[in-house]
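The values are calculated or read from the model by the stated rules, or taken from the named source; none is laboratory data. Computed from a predicted model, the values in this text were never measured in an experiment. When we count neighbours, we look across all protein chains shown, and the Cβ atoms used for this are built from the backbone with ideal geometry, even at glycine. Surface areas here come from the heavy atoms of the whole protein model, side chains and all, with no ligands, DNA or RNA. Shrake-Rupley method; radii C 1.70, N 1.55, O 1.52, S 1.80 Å.
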Amino acid sequence: MSADQIRQVVLGILARIAPDEDLSDLKDEVAFREQMELDSMDFLDIVMELRKLYRVQIPEEDYGNLVTMASTVSYLTPLLKDFKA
């Protein structure tokens, strides 16, 4: 998967978790929690969706890599490089 494809996947997950949020102005370098009303359960839902959809195991100590769109895409790129979109 390319970085752009991963970004679209993350946007899709965010849209399902927070359907009332406007994701059109989401800034890549700003924390999701600063831009959206996400709580810790919503964050875990993101992790669980990635696990369910792509069998990606994200250890709790790596959760800090999923704070912004840019950091999430950077973290997931090597994990999903061989996954066909």
Checklist entry - Could you say whether any residue in region 22-32 is outside any loop (DSSP other than H, G, I, E, B), free of Cβ contacts under 8 Å to residues at least 60 places away in the same chain and open to solvent by 80 Å² or more (accessible area, probe 1.4 Å)? => result no
Checklist entry - Restricting attention to region 35-74, and to residues there that are surrounded by fewer than 16 Cβ atoms within 10 Å (Cβ to Cβ) and hydrophobic (A, V, I, L, M, F, W, C), which single residue is farthest from Asp25 (Cα to Cα)? => result Val56
Checklist outcome for this item: Gln5 passes all but one of the listed conditions (1) in contact (Cβ under 8 Å) with a residue 24 or more places away in the chain; (2) open to solvent by less than 60 Å² (accessible area, probe 1.4 Å); the exception is number (2)
